[in-house]
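J.: Got a structure for you, questions after.
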Amino acid sequence: MRRVLADAVNGVSRYPDSSGYRLKRTLAGRLGVDEAQITLGNGSNDVLELAARVALSPGSGGVVDEHCFVVYPLAIAAAHGKVTRVASINWGHDLDGMVAAIDGETRIVYIANPNNPTGTWVNKSKLETFLKRVPERVWVVLDEAYFEYVERDDYPDGVQMLVDYRNLIVTRTFSKIYGLAGLRIGYSVTSVEFADLMNRIRQPFNVNALALAAAEAALTDDEYVTMSRYLNMTGMDYLVEGIGKLGFRVIPSAGNFVCFESGRASGAIYQALLELGVIVRPLKNYGMSEHLRVTVGLPDENARFLEALSQIS
């Protein structure tokens, strides 16, 4: 990866390939889709927003989970849409409630699988049942930012479901298991028709040359992905056990993070951890004022977090 980036630096005086041809070709081969189905973005946040801009118009609206990723309601509001939040069940999506919330003005629904920030997930059977009930005029954004971490037999592959559900929009990212968060690159896979609309309003050169080169290389580095998945699995088990021993309630997670309930306003714990040199995510802005989210790190980082948490718990 360092060699690829070093080579790419030599060309930074020139604009990147606006179409991302090489990366899209590699992605299409890996995913078994047409290159014309792919839209590249400056992180998956970019394509999440593009989807809202295509689907929504003033007076229309979108449906999201109560504890959804903060970008979803921001994207809907920025497209002059009305945001409808549906209460969670056990910190996860209430798919029946989300279908019931769809009305004549609804044009888009966002689902994160696994969900950020709670880590909960929707299995294949429930997702298919949901998609069959959603009107074809409503676009369903399936955010699979943590897709590569999940090792569960009943977990759905959104890309494979595109054949049966033309109103499905699947988004993924290189920020997580591929370790390219600082380069900001993600993508969506949709019908050819919807991808065409997204690419019409996408900013030219929205993905930089270094990100394009690194993402293409990352797709061929299976050893790194395997190592990342293993570190996440073992780190998750270590954190869940350690947090539980300290008396905190953990929400089961299929992502690369653990969300846990502190039993009191989490701001004080967040600040105390910060003063000990440990950064976690307080979730008050997500309607979870007594919860914190910690990302699975390297073994020494996980140990340092638990040691700090034990000092203040």
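J.: Return the long-range amide H neighbours of Gly61 (sequence gap of 5 or more, or a different chain), with a cut-off of under 5 Å between placed amide H atoms.
T.: Lys82, Thr106, Arg107, Ile108
J.: What's the longest bit of the chain with no exposed GluC sites (Glu not before Pro), using DSSP loop states and at most 10 other Cβ atoms within 10 Å as the test? Display every interim value, and only then the final one.
T.: Working: sites that count: Glu136, Glu151.
Answer - 152-313.
J.: Sticking with this structure for a sec: Return the long-range amide H neighbours of Val86 (sequence gap of 5 or more, or a different chain), with a cut-off of under 5 Å between placed amide H atoms.
T.: Val64, Asp65, Glu66
J.: With no solvent and one point per C-alpha, what does the Debye sum give as log10 I(q)/I(0) for region 130-183 at q = 0.16, 0.28 Å⁻¹?
T.: -0.56, -1.12
J.: Amide H neighbours of Leu180 under 5 Å, at least 5 residues apart or on other chains, H built in the peptide plane: list them.
T.: Ser175
J.: Need one number: the % of Cα-Cα pairs in region 49-106 sitting beyond the 17 Å mark. Intermediate results must be reported in sequence, preceding the final value.
T.: Numbers: 581 of 1653 pairs.
Value for region 49-106 (Cα pairs over 17 Å): 35 percent.
J.: What whole-number volume per residue, in cubic angstrom, does the convex hull of the C-alpha atoms of the chain give?
T.: 137
J.: In vacuo Debye scattering of region 209-313, one point per C-alpha: log10 I(q)/I(0) at q = 0.12, 0.21, 0.24 Å⁻¹?
T.: Scattering profile of region 209-313, log10 relative to I(0): -0.46, -1.04, -1.26.
J.: Using only the Cα atoms, what convex hull volume per residue in Å³ does region 1-156 have? Walk me through the numbers before you get to the answer.
T.: Numbers: hull volume 23.0 nm³, N = 156.
So the per-residue hull volume is 147 Å³.
J.: Still on this model: Relative to the compact globular guide of 2.2 N^0.38 Å, what is the alpha carbon radius of gyration of region 87-154, as a ratio? Please report the intermediate quantities before stating the final value.
T.: Values: Rg = 12.1 Å, N = 68, 2.2 N^0.38 = 10.9 Å.
Against the compact-globule rule of thumb, the ratio is 1.11.
J.: In angstroms, what radius of gyration and Dmax does region 1-50 have, counting Cα atoms only?
T.: Radius of gyration, then largest Cα-Cα span, for region 1-50: 12.9, 34 Å.
J.: Something else: Pop out the ³J(HN,Hα) list for region 141-154 in order, Karplus 6.51 cos²θ - 1.76 cosθ + 1.60 with θ = phi - 60°, rounded to Hz; leave Gly and Pro as x.
T.: With the stated coefficients, region 141-154 comes to 8, 9, 8, 10, 4, 10, 3, 5, 7, 7, 10, 10, 4, 9 Hz.
J.: Could you compute Rg(Cα) / (2.2 N^0.38 Å) for region 76-221, with N its residue count?
T.: 1.09
Every number in this text was worked out from the coordinates using simple rules, so none of it is lab data. All values reported here derive from a predicted model rather than from experimental measurement. Glycine gets a Cβ as well: all are built from the backbone with ideal geometry, and neighbour counts include every protein chain shown.
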